[in-house]
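Engineer: Got a structure for you, questions after.
What follows is calculated from the coordinates using simple rules that are stated; it is not laboratory data. Remember, it's a predicted structure, so these values are computed and weren't measured experimentally. No Cβ is skipped: glycine too gets one built from the backbone with ideal geometry, and neighbour counts run over all protein chains shown.
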Amino acid sequence: MSTELSAAETDTAVEAASPAKTGLSTSSTQDRTPLGRIQSDTNQLFSKCLYAFHSFGNLGELSENMRILSLNAELAAGRAGEKGNAVRALTQYTRELVARLNGVNLSMLTLKSETYNQSASALRTLHQLRLLNRALDELNVRKGEFATVAVDKTTRSRADKLSSLLDDVQGMTRNVNKLSAEANGVSEVVSQAGSIATNIAIEASAAGDHEAEFDQVATTMRGYVAQLHNMVDMAGSPIRDAGSVGTNLQERTRQNIRS
Amino acid sequence: MISQTIFQQPGHKWLAFGQDPNKPEKLIDTNQIVIIGGESAIILDPGGIEIFPPMLAALTDEIPIENVKHLFMSHQDPDIGSSLPLWRQVCNENVEIHLSWLWTTFVAHFDAEANIQPIPDEGGTIQLPGVSLQLIPAHYMHSSGNFSVYDPEAKILWTGDIGAAMLPHRHRDSFFVEDFNSHIQYMEGFHRRWLGSIRARDAWIASVSKLDIDIITPQHGLFFRGEDVKRFLDWLSRLNIGSGLDSMGGGNNND
């Protein structure tokens, strides 16, 4: 049987993704300009998303452990003959949950990759926006003989960049909502897997010589359920925060475009 | 940022930009050159992204931005052309970027959509109305895909990092070297460390020594004119380069 995911390992992964460890600022006190606030919010949104994704970092491994557990339980059910019929049926349900977890995991990996790209693009665009703003300031101060066209083009470029920034921010916010939906999916698996573990434990009590074997399956399953529960719990707060930051960030970016 | 005309005749001009007094100290100081031929212009080594704002503002004192038809990068370093994506925003959309073929996919990390015209190892020419610029191979000086730009009419050679000097602020009151001997101290460390190939150094010097040069314009520090051109080439030909090898057990820099 594959090793279980320890709580310590989960904590380490999540700690590694925490704002303090990633070096991403969660404070907007450093730069109070409109772009500074957008940058701070973007950093914060990315940090929250990162934290949430890391909460589910071991989902794939846990899903594989559940699959192996279901295979071993099916073998044990076979050895138990008629007394193992109900357990055999429960292993089929377990494999359906595993398939669902695999789907969630795949979806989360895609969301994570998209969010990384959107965040990188947003920060790159923000850097360029700062420079375009500085260029406009310099052009306006210097008032060169041929500045008019340069001012027009820089202004247009700035508008394009803000629009591109809004696209990225909206994309990140959409992905937070999708992540929330996937986390809900894991919650449902937690509930159903918990029921399966309980039912296997009940079957164990009537399984005679096979009681210990089925008990072990139920106990291991409960351990996996606890780990899944822990993932959902840890992701809950950053997902909620990210949703809120994302909404504010979109509004802030729109304000900047309007101004 | 200050600018100075270093060559001018009807329909043909060289402008130097640099020595921005507001530049943050942590950014290396760079010179940018704009060559005007008729109604067209080229920027040689347009600079790092952080100097784009003052450079754009200073440029519009001199020419309309739409006249910039070419951007040339002597090599791939960020202080040479990380401003590329911003220049493309303000120049005409068909602005051509000239760069060694060796670096086109690398520089795409600055700007994946840039219209880069790869320069073959042998070099080539860039034509502006009434002005023909020769691209002189300067490979391994210091970059492995590197070019100097020679204007035979103006008799000026743009050398990128060759001839570079790390000047203290107090010496940035002119674009030209006034006392070659006292200028050496600001060049020596750079050339000893950045240049590593004696063969490349000798080949480049042999190549440019055939040219009729009045002014050498490096990307950092001051320009050499008149007798200082020969003084610089002589000094460089004797310099012990490849000092980085000292940290690798000495090495044997015969190449």
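Engineer: When the Cα centres of the range B:123-179 and the range A:157-205 are compared, how far apart do they sit, in Å?
Structural biologist: 56
Engineer: Identify, among A:Ala147, A:Ala135, A:Gln118, the residue whose Cα sits farthest towards the positive end of the charge dipole of the range A:87-157, taking +1 on the Cβ of Lys and Arg and -1 on the Cβ of Asp and Glu, with the dipole about the Cα centre.
Structural biologist: A:Gln118
Engineer: Exposed loop trypsin sites (Lys or Arg not before Pro) only (DSSP loop, at most 10 other Cβ atoms within 10 Å): please give the longest stretch of chain B free of them, not including the sites.
Structural biologist: B:27-209
Engineer: In addition: Just report the Cα centroid separation between the range B:215-245 and the range A:90-139, whole Å.
Structural biologist: Centre-to-centre (Cα) distance: 49 Å.
Engineer: Which loop GluC sites (Glu not before Pro) in the range B:22-67, with loop taken from DSSP, have no more than 11 other Cβ atoms within 10 angstrom of their Cβ?
Structural biologist: On the way: sites: B:Glu25, B:Glu39, B:Glu50, B:Glu62, B:Glu66; in loops: B:Glu25, B:Glu39, B:Glu62.
Here the GluC sites (Glu not before Pro) that fit, given the DSSP loop and packing criteria, are B:Glu25.
Engineer: Which ³J(HN,Hα) values in Hz, rounded to whole numbers, follow from the phi angles of the range B:112-117 under the Karplus curve 6.51 cos²θ - 1.76 cosθ + 1.60, where θ = phi - 60° and Gly and Pro get x?
Structural biologist: For the range B:112-117, the Karplus curve yields 5, 9, 5, 8, 8, 9 Hz.
Engineer: Convex hull over the Cα atoms of chain B, averaged projected area in nm²?
Structural biologist: 13.0
Engineer: In sequence order, what are the phi-derived ³J(HN,Hα) couplings for the range A:146-152 according to the Karplus relation 6.51 cos²θ - 1.76 cosθ + 1.60 with θ = phi - 60°, rounded to whole Hz, with x for glycine and proline?
Structural biologist: Values, residue by residue: 10, 6, 4, 5, 4, 5, 4 Hz.
Engineer: Another question, then. For B:Phe223, enumerate residues with amide H under 5 Å from its amide H, sequence gap 5+ or separate chain, H modeled in the peptide plane.
Structural biologist: Amide H to amide H, under 5 Å and 5 or more residues apart or across chains, B:Phe223 pairs with B:Phe176, B:Val177.
Engineer: Report the longest stretch of chain A that contains none of the trypsin sites (Lys or Arg not before Pro) sitting in a DSSP loop with at most 14 other Cβ atoms within 10 Å. Could the numbers behind the result be given before it?
Structural biologist: Numbers: sites that count: A:Arg32, A:Lys143.
After excluding every exposed loop site, the longest remaining stretch is A:144-259.
Engineer: Running a GNM on chain A with Cα contacts under 10 Å, which residue among A:Gly185, A:Gly81, A:Gly194 ends up with the highest mean-square fluctuation?
Structural biologist: It is A:Gly81.
Engineer: Moving on to the next point. Taking every pair of alpha-carbon atoms in the range A:38-121, what share in percent sits in each 10 Å bin, from 0 to the bin with the longest distance?
Structural biologist: 17, 32, 21, 15, 10, 4, 0
Engineer: To the nearest 20 debye, what charge dipole does the protein assembly as shown have about its Cα centre, counting +1 at the Cβ of each Lys and Arg and -1 at the Cβ of each Asp and Glu?
Structural biologist: It comes to approximately 760 debye.
Engineer: Another question, if that's okay. In Å, what Kirkwood hydrodynamic radius results for chain A from the alpha-carbon pair distances?
Structural biologist: Kirkwood radius, chain A: 21.0 Å.
Engineer: List the extent of the Cα atoms of the range B:153-225 along each of their three principal axes, largest first, rounded to whole Å.
Structural biologist: 34, 32, 19
Engineer: Something else now. Among the DSSP beta bridges whose two residues both lie in the range B:146-253, what percent are antiparallel, rounded to the nearest 5?
Structural biologist: 50
Engineer: Moving to a separate point now. Please check: in the Gaussian network model of chain A (C-alpha springs, under 10 Å), which one of A:Thr94, A:Thr155, A:Thr220 has the largest mean-square fluctuation.
Structural biologist: Answer for the Gaussian network model of chain A: A:Thr155.
Engineer: Sorted from largest to smallest, which semi-axis lengths in Å does the alpha carbon gyration tensor of the protein assembly as shown give for its equivalent ellipsoid, taking the root of 5 times each eigenvalue?
Structural biologist: Taking √(5λ) for each Cα gyration eigenvalue gives 63, 28, 19 Å.
Engineer: Let me ask something additional. Which value in deg cm²/dmol, rounded to the nearest 500, describes the helix-derived mean residue ellipticity at 222 nm for the protein assembly as shown, given -39,500 (n - 2.57) per DSSP H run of n ≥ 4 and division by the residue count? Write out the running numbers ahead of the final one.
Structural biologist: Working: 14 runs with 284 residues, N = 514.
The per-residue figure over the protein assembly as shown is -19000 deg cm²/dmol.
Engineer: Another question about this same structure. Round to a whole angstrom and tell me the spacing of the C-alpha centers of the range A:220-257 and the range B:37-86.
Structural biologist: Taking the Cα centre of each part, the range A:220-257 and the range B:37-86 sit 44 Å apart.
Engineer: Modelling each spin label as a point 7 Å along the Cα-to-Cβ direction, I'd like the A:Ala206/A:Asn248 distance in nm, to one decimal.
Structural biologist: 5.6
Engineer: Within the set of other residues whose C-beta is less than 9 Å from the C-beta of A:Leu129, count the net charge using Lys and Arg as +1 and Asp and Glu as -1.
Structural biologist: +3
Engineer: Rounded to the nearest 5, what % of DSSP beta bridges with both residues in the protein assembly as shown are antiparallel?
Structural biologist: Of the beta bridges lying entirely in the protein assembly as shown, close to 65 percent run antiparallel.
Engineer: Which far-off residues, 5 or more places away or on another chain, put their amide H under 5 Å from the one on B:Ser100, with H placed in the peptide plane?
Structural biologist: B:Ile119
Engineer: Still on this model: Springs between alpha-carbon atoms under 10 Å, Gaussian network over chain B: tell me which of B:Ile28, B:Ile42, B:Ile213 tops the mean-square fluctuations.
Structural biologist: Most flexible of the set in this elastic network: B:Ile28.
Engineer: Moving on to the next point. When Lys and Arg each count +1 and Asp and Glu each count -1, what net charge do the other residues less than 10 Å away from B:Gly244, Cβ to Cβ, add up to?
Structural biologist: Numbers: positive: B:Arg192, B:Arg193; negative: B:Asp246.
Charge balance near B:Gly244 sits at +1.
Engineer: Can you give the net charge of the other residues whose Cβ lies under 10 Å from the Cβ of A:His210, counting K and R as +1 and D and E as -1?
Structural biologist: Net of charged neighbours comes to -3.
Engineer: Whole-Hz ³J(HN,Hα) for each residue in the range A:109-124, computed from phi via Karplus 6.51 cos²θ - 1.76 cosθ + 1.60 with θ = phi - 60°, x for glycine and proline: what do you get?
Structural biologist: 5, 5, 4, 4, 4, 4, 5, 4, 5, 5, 5, 4, 5, 4, 5, 5
Engineer: Which is farthest toward the positive dipole end of chain B among B:Cys91, B:Ile35, B:Ala200, measuring Cα position about the Cα centre, with Cβ charges +1 (Lys, Arg) and -1 (Asp, Glu)?
Structural biologist: Result: B:Ala200, furthest along the dipole toward the positive end.
Engineer: Taking H placed 1.01 Å from N in the peptide plane, check which residues at least 5 places from B:Asp45 or on another chain put their amide H under 5 Å from its amide H.
Structural biologist: Residues meeting the criterion, in which the H sits 1.01 Å from N, are B:Phe72, B:Met73, B:Ser74.
Engineer: In the range B:81-151, which GluC sites (Glu not before Pro) fall in coil by DSSP and have 15 or fewer other Cβ atoms within 10 Å? Intermediate values should be presented prior to the final figure.
Structural biologist: Details: sites: B:Glu93, B:Glu96, B:Glu113, B:Glu122; in loops: B:Glu93, B:Glu113, B:Glu122.
Passing both the DSSP loop test and the Cβ count: B:Glu93, B:Glu113, B:Glu122.
Engineer: With +1 on each Lys and Arg Cβ and -1 on each Asp and Glu Cβ, how big is the dipole of the range B:1-140 about its Cα centre, in debye rounded to the nearest 20?
Structural biologist: Approximately 180 debye in magnitude.
Engineer: A further question on this structure: Which one, A:Gln92, A:Val190, A:Ser237, is farthest towards the positive end of the dipole of chain A when Lys and Arg carry +1 and Asp and Glu -1 on their Cβ?
Structural biologist: A:Ser237
Engineer: Say each of A:Ser107 and B:Ser247 gets a label point 7 Å from the Cα, pointing the same way as Cα to Cβ; how far apart are those two points in nm?
Structural biologist: Spacing of the two 7 Å Cα→Cβ label points: 5.1 nm.
Engineer: Have a look at the DSSP beta bridges in the range B:2-246 and tell me what percent are antiparallel, nearest 5.
Structural biologist: Antiparallel bridges make up about 65 percent of those DSSP assigns within the range B:2-246.
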